[in-house]
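For reference, the structure is listed below as structure tokens.
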Amino acid sequence: MITPEQTTDFPPALAAVSRVRFDYGEEGEGVDFEPYDVFDSAEETTDWLRHWTGNFEITGDAYRVFGQDGAGGLAAIWLVRPGRPLTEQPIVFAGSEGEVGVVAGNLSDFLWVLADGFGPREAALYAQREARPDAELGALADRHATTPRRPGRDLIDEAKAEFPTFEEDLMALCR
């Protein structure tokens, strides 16, 4: 069972990611990601989800928001695997204009996705774009990942296949 502390403690791998400066580049060729150094509070997450869906009867308890893109879209750990630690939960993205998607099956795979040049937004919306490996993020993943290195696109596709109804389920919460 996940304890309350396990769902609010920032994993060391995310703390390492929070110290990386992501370069969006010219014409969006880079990664549009601004990682946080702590999770949004439960109140902030609930407020965001209620406004995003227009449904003021729900809470954000199933999400731990840890970053955003330049337009305000959010990256989060989705607590969908009962009893499993944060690091074994999938990473998802919810854009400011209603775009959503599964990014990676767990935190370790997310590190490899980042190392291959995909931020949460790019993984959720543009997974078929060309990989742009990043040496700094590759070294970070080498230090923190518990899964073997694989192409980011493969990891994204596997996560989307594992959670094929994420978008539909999230949209069903909208009013």
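Table: residues versus (1) small (Gly, Ala, Ser); (2) under 22 Å from Ala159 (Cβ atoms); (3) surrounded by 23 or more Cβ atoms within 10 Å (Cβ to Cβ); (4) at pLDDT below 95.
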{"residue": "Tyr24", "(1), (2), (3), (4)": "no, no, no, yes"}
{"residue": "Leu49", "(1), (2), (3), (4)": "no, yes, yes, no"}
{"residue": "Gly60", "(1), (2), (3), (4)": "yes, yes, no, no"}
{"residue": "Tyr63", "(1), (2), (3), (4)": "no, yes, yes, no"}
{"residue": "Val80", "(1), (2), (3), (4)": "no, yes, no, no"}
{"residue": "Ile91", "(1), (2), (3), (4)": "no, yes, yes, no"}
{"residue": "Trp112", "(1), (2), (3), (4)": "no, yes, yes, no"}
{"residue": "Ala123", "(1), (2), (3), (4)": "yes, yes, yes, no"}
Provide a single number: the residues in the range 125-150 that are without any contact (Cβ under 8 Å) to a residue 60 or more places away in the chain and under 24 Å from Pro85 (Cα atoms). 9
Could you please let me know if Glu168 is touching a strand residue (DSSP E or B) at 6+ places or on another chain (Cβ under 9 Å), at pLDDT 95 or above and either surrounded by 14 or more Cβ atoms within 10 Å (Cβ to Cβ) or not hydrophobic (A, V, I, L, M, F, W, C) (or both)? no
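Name the residues in the range 149-175 that are β-branched (Val, Ile, Thr) and assigned to a loop (DSSP other than H, G, I, E, B), would you?
Thr165, the sole residue that qualifies.
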For the range 26-43, name all the residues that are at pLDDT 95 or above and within 17 Å of Phe93 (Cβ to Cβ). Phe33, Glu34, Pro35, Tyr36, Phe39, Asp40
Return the pairs, sorted by first residue and then second, in which the second residue is basic (Lys, Arg) and at pLDDT below 95, the first residue lies in the range 110-122 and is farther than 16 Å from Thr147 by Cβ, the beta carbons are less than 7 Å apart, and the residues are 6+ apart or on different chains. Gly117/Arg132; Glu122/Arg129
Filter result (among the β-branched types (Val, Ile, Thr) and either surrounded by fewer than 15 Cβ atoms within 10 Å (Cβ to Cβ) or without any contact (Cβ under 8 Å) to a residue 60 or more places away in the chain (or both)) within the range 26-47: Val38, Thr45, Thr46
Is the range 136-146 home to any residue that is touching a Gly at 6+ places or on another chain (Cβ under 7 Å) and either closer than 19 Å to Glu34 by Cβ or β-branched (Val, Ile, Thr) (or both)? no
Number of positions in the range 125-148 that are surrounded by 16 or more Cβ atoms within 10 Å (Cβ to Cβ) and assigned to a loop (DSSP other than H, G, I, E, B): 4
May I ask you to verify whether Tyr24 is at negative phi, in contact with a helix residue (DSSP H, G or I) (Cβ under 9 Å, 6 or more places away or on another chain) and of a type in the set (Ser, Thr, Tyr)? no
For Thr53, all conditions in the list (1) modelled with pLDDT of 95 or more; (2) over 17 Å from the mean Cα position of the chain (by Cα); (3) within 18 Å of Ala131 (Cα to Cα) hold save one; what is the number of the exception? (3)
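The values are calculated or read from the model by the stated rules, or taken from the named source; none is laboratory data. The model shown is predicted, which means the values in this text are computed figures rather than measured ones. When we count neighbours, we look across all protein chains shown, and the Cβ atoms used for this are built from the backbone with ideal geometry, even at glycine.
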